[in-house]
Amino acid sequence: MIRSGVRRAFRLALRRRDGWERDVEDEIKLHLALRAEQLAAQGRNADEAYAEALRRFGPLSESRARLIDAARHREQHMQRTELLSDLRQDVSFAVRTLGRQKGWTAVTILTLALGIGATTAVFSVVSSLILHPLPYPNADRIVHINQQPSEGNNTGISVTISAAAPVVRAWMKATRSFETLEGSQDSHQTMKTANGEQSTIATSLVFPTFPEFAGVRRPLLGRMFTKFDIENGAHVVVLGESFWRNRLGSSQRVLNQTLTISDTLYTIIGVMPATLGFGAASARPIDVWLPLDIRNDKLGMAVMARLRPGMTVGGAMKELDSIFARSQGFEFGKIPFRTMITTPAQKLRFHDSLVMLAVAVALVMLVACANVAHLLLARSATRQRELAIRAALGAGRGRLLRQLLAESLVLSFTGTVCGVFLGWLGLHALIALRPAALGALEAAQLDLTTLGIAIAVAVASGMAFAAMGAMQSARASTHDALKNGSLAASGPRGHGRLRGLLVVSEMALSAMLLVGATLLVRSVVSLQHADLGFELKGLYALTVPLSESGFDSRASRADVMKSVMSRLAAIPGIRSAAMANVAPGGRWFNIGRIEVQDEPPVAKSTSSFVDVNSVQPGYFATMGMRVKTGSTFTDTTAQSLQVIINEGFARHHWSGASPIGRRMRIAQTDSEPWLTIVGVVNDVSTSGAASESTAPVLYTPMTRVSGRPEVLIRATGNASTLAPAIAMLKQLGVSKPTPIGSMEVLMSGLIAGPRFVMLLLATFTVLALILAGVGLYGVMAYTVAQRTREFGIRVALGAPGQRIARSVIAHGTQMAVAGAAIGLAGAYWGTKLIEKELYGVTRLDPASFAVGAIVLIGTAVLACVVPTRRALSVDPMTAIRAD
C-alpha cells in the first residue's frame, strides 16, 4: 500500500506534466489564432486563413514535442535553482544554530572525529597488511609453500623448513594446481667497495620469471637476468631501486660496472623498481637481486606460488605431498615432511594482534556512533518548543525533517574532515612509534575504502537518528510544547528509553574493551617479571665477525678467539666470559628424530626440530644458569661425545630418575654417533618469556669456532666499561666488531610488540570509556533538567539532599550495572580472540573481569557527579515557578 505522502508526490509530478502540456497547447492555439487573424485581415476567409497558418507552423506533433521538452528543461532548471537555494538556506541556518550551542557541537564533532580517526588508522593497517598484503596480479591466489615434519617427538618447537631444490624441481614439473612457482633465498651478504670498505646488504636470489610473477613489466635500467645467464654461470646482478638511488646516486652509468659480493665479482646488468618485492611483510627493501640456480641440489628456498582458478589449498597440499613422495621414493603415508601452504596475511607475525586491534577499534566506532545518536536525540528532545513554534507558523513535517538532516550533515562533514586528519596523524604515529618487532607497519598506507566505510557509517547513523528525533518530535503535541516550562512534557517516553538503551550499549561495549585491556596489561606485566632462568643484569653479548674480517681458516679463527678470551679476562669489570654458537635471542636447530637408549625406537619418518648450542664450559656460570644434576663438560674434544640437557628434556624421558650416563642422539640416518649425558641444567627462555622454556635443548662442547662466534660477558658495570673490548678486537684485526648488546635491553625488546599492542588497546579502551561517560552524563543532565520542578517540590517539603543525590546516582549506576552485565557476558566469549596473546593469565581471569566492572561503574558514578550537584542546588521557589 502506497502511503499518502508518496501518493501526493506522484499526483504532484503528474499534475506538473499535465500543466506543461496544457501550457504548450494554449501557446500553440494562441499562435495559430493570431496568425490566422493576420491572414484573414489580408482578405482570406477564416477557414483558408487557419489552414495557411497551420501549414506555415509546420508538423504539429513535432512542434508540440519540442515545446514540451523545452518546458521540461526550464522546469528542471527552476527546481535545481530552488533546491540549491533551499540547501544554502538550510546549511546557513544549521551553521548558525550549531554555533549558538558551541559546547554541544564541539562534543559531537570530536566524538565523530575520534571514532573515524581511530577506525581509519587501524583499518588502514589491516587493509595494507592483511587484506591486500601483496601488490601482485591475482593476489588473492598467491600462497607461500613450506614443509614441516609429518611426525615429531613433541619437542615443543613448531618450525617450518624451506623446500630443497630437487623437491621444488619435482613440484614445478608435475604440479597441476599452480600456474607458476617462484623460489627465493634471502640473506645478508658482505659487499666490498672499490676502496676496500665492507658493508652488509640485503640480497635475494630469485628466478628470472619473478618480476613477471610480481607484475613488474620492465626494469628502470637495463634488463633482468635470464635462464641463459644461469645456464652459462654468468655472475650478473640486478640492483634494487633504493640501493641504486641511495648508494649510487641514481647514476645512469651503473650498467656493466662491477660489485664484489662475498668475494665474488658480479656485473650490474639492470635496476629494478622499488615495487618489486615480497609485499608488506618485508620491512627492508632488497638491495641486490641475484639469479637462483635451481639445478644446485644443495640449495633450499622459500616458495611463492599462484593457485590456478578454482583450486583449493587442501587439494594443492595433497598433490604436492604426492609429488614429493614419488620424487624421493617414499611411501605416500610415510613421508618425513608434509607440505604447509599459508597465505601472505598468515605470514605476518602479529596477524592475531592486528585482528584483535581491528575488533577493538570497531567497538570504539560503535560507541562513537551510539554517542552521536544519543547526542542528536537529546538535542531534538530539548528543541520541542522551537520545533513546535516553527510548526505553528506553517512549517511542514518535511521542512522540519530537512532542517534536522541539514544540521546532521553539517556535523558529519565537519567531523569527517577532522576524523580524516586524526586518522592520518594516528597512522603516522603508529608507524613512527612502532617497535622493531612490528617493522612491517612501515608499509601501511591510508586506505580510502576504509575511510569511506567509516564515514558512511557515521553519516548514516547521524542522519538516521536525526530523522528518528524529528519523527518523534512530530508526534508530540504542539499545544503542550508551546506551554511555558513544558520541558517535562516534551520528551516522549520512547525517546528516553531509546537514549537509555544507547547509553547501556556504550557501557556494554566499554566493559568488553576494559576486560580485554586489563587482561593484556596483566599479561605484559607477567612477561616483564617472568623468570627467564638466567641472570639478565650485567650480561652482555658480543658478536665477533671473523669471516668478514679475513679469518677464514679454522686455525686462524681459533687463535684469534683464544687471544680474545684471554684478553677479556684481563679487562677490569669483566667477571667472566664464554663463547657459544648462539647467544640469547637466537636459535640453532638440528633436524632429525630423537632417539634415547633403552626406549622404544621411533618411526624412521619422524623429524623434530631440536635446539642445540655449542658452548664453552664456562657458559653456564656466565649466563647465571644452575647445574641441577651432574657437572659441566669434563672433556671438550670432539671425540668425547658429551652432552648437557635441560630439565624439560630430562623430565620428559626420565621422570624422577637420573639421566646422567644415559645416551641419546638426533638421527637422520643410523650413522649418527650416540651422545652421553653428563649434566642437567635448568630450563631457560632465551627467546623471551613467551617462548617455551621446557622444550628440549642440548648443549654440546664447542670444538671449533664458527665464522661469527658469540661471546657472553658477565660484567659488574654498564656497557661503557666494555669499551676496551672493542678496541682490543680492532687491534687483533677484527675490522668491524658489532656493538656490545645488553641482554636486559634485548629481552625487553622481545616483548616490545605485545607491550605496544597493549598500549594501543588501552588507548582505545580509555577513548571508549570517555565516550560512554559523556553519554551517561548527557542522559543524567537531561533527566535532572526534566525533574527540576519535582526536586524543588521535594526540597520544599523537607526531603534531604542526600536522598535526592542517591536517586540521581542510583539511576546512572543502574544503567552502568546493566551495561557492565551485558559487557562482561560478551567478554566471556570475546576473550577467546585474545587468548593466544596472553601470558601468565587465563582469558577468564576473575580479577580482570572485576577490574573491568569496577572501573566502568566508577566512571558512571563520576559522570553523575555534575548532574547530582545540579540537583542539590535547586532553589525550591525557582523550580516551582518554572511552570
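Calculate how steeply helix 165-174 sits against the longest principal axis of the alpha-carbon atoms of the chain, using the helix alpha-carbon long axis, and give the answer as 0 to 90 degrees to the nearest 10. Helix 165-174 sits roughly 50 degrees off the main axis of the chain. The ratio of the alpha-carbon radius of gyration of the chain to the globular-protein estimate 2.2 N^0.38 Å is 1.35. Once the Cα atoms of helix 102-126 and of the chain are each reduced to a long axis, what angle between those two axes, in degrees from 0 to 90 to the nearest 10, is obtained? Orientation of helix 102-126: about 40 degrees from the principal axis. Taking amide hydrogens as placed 1.01 Å from N in the peptide plane, the amide H of SER614 sits under 5 Å from those of ASN581, VAL582, THR700, each at least 5 positions away in sequence or on another chain. By how many degrees, 0 to 90 and rounded to 10, does the Cα axis of helix 46-57 deviate from the longest principal axis of the chain? The helix 46-57 is inclined about 20 degrees to the chain. Fraction of C-alpha pairs exceeding 13 angstrom in segment 323-366: 68 percent, rounded to a whole number. Measuring against 25 Å, Cα to Cα, the residue pairs LYS227/LYS347; LYS298/LYS736; LYS227/LYS298 contain LYS227/LYS347; LYS298/LYS736 as the ones spanning a longer distance. Close amide-amide hydrogen proximity is noted between ARG662 and ILE677, each under 5 Å apart and 5 or more residues distant or on a separate chain (H modeled in the peptide plane; Pro and chain starts excluded).
If one computes P(r) from the Cα atoms of segment 580-672, what percent of pairs lie at distances over 21 Å? That fraction is 38 percent. Free of any GluC sites (Glu not before Pro) that DSSP assigns to a loop and that have at most 15 other C-beta atoms within 10 Å, the longest stretch within the chain is 332-534.
Solvent-accessible area of the chain (1.4 angstrom probe, protein heavy atoms only): carbon and sulfur portion equals 57 percent.
The residues of segment 539-688 expose on average 44 square angstrom of accessible surface per residue, using a 1.4 Å probe on protein heavy atoms.
The H on the amide N of SER576, modeled in the peptide plane, is under 5 Å from the matching H of ARG714, each at least 5 residues off or on a different chain. Taking every protein chain into account, the accessible area of segment 741-840 amounts to 46 square angstrom per residue (probe 1.4 Å).
Calculated mean residue ellipticity at 222 nm for the chain: -17500 deg cm²/dmol, from DSSP H runs with n ≥ 4 weighted as -39500 (n - 2.57), summed, divided by the residue count and rounded to 500. Length, then width, then depth: along the principal axes, the Cα atoms of segment 293-347 run 31, 29, 19 Å. Backbone phi angles across segment 402-407, fed through the Karplus curve with coefficients 6.51, -1.76 and 1.60 (θ = phi - 60°), yield HN-Hα couplings of 4, 5, 5, 5, 4, 5 Hz in residue order; Gly and Pro are listed as x.
Of the two radii for segment 656-735, the radius of gyration is 1.08 times the Kirkwood radius, both from the alpha carbons; that is the Rg over Rh value. How big is Rg to Rh over segment 219-302, alpha-carbon atoms, Rh as the Kirkwood inverse-mean-distance radius? So for segment 219-302, dividing Rg by the Kirkwood Rh gives 0.97. Taking Cα centre as origin and charging only the Cβ of basic (Lys, Arg, +1) and acidic (Asp, Glu, -1) residues, the dipole magnitude of the chain rounds to 2520 debye. Couplings for segment 309-314, taken from phi via the Karplus curve 6.51 cos²θ - 1.76 cosθ + 1.60 with θ = phi - 60°, read x, x, 7, 9, 5, x Hz in order; Gly and Pro are left as x. Rounded to the nearest Hz, the phi-derived 3J(HN,Hα) couplings of segment 446-455 under the Karplus curve 6.51 cos²θ - 1.76 cosθ + 1.60 (θ = phi - 60°) are 5, 9, 6, 5, 4, 4, x, 5, 4, 5, where x marks glycine and proline. Seen from every direction in turn and averaged, the convex hull around the alpha carbons of segment 523-649 projects onto 12.0 nm². With only Cα atoms counted, segment 227-273 has Rg and Dmax values of 11.1, 32 Å.
The values are calculated or read from the model by the stated rules, or taken from the named source; none is laboratory data. Since this is a predicted model, take the numbers as computed values, not measurements. All Cβ positions, glycine included, derive from the backbone under ideal geometry; neighbour counts span all protein chains shown. Please note that ligands, DNA and RNA were not included when accessible areas were found on the heavy atoms of the full protein model with its side chains. Shrake-Rupley method; radii C 1.70, N 1.55, O 1.52, S 1.80 Å.
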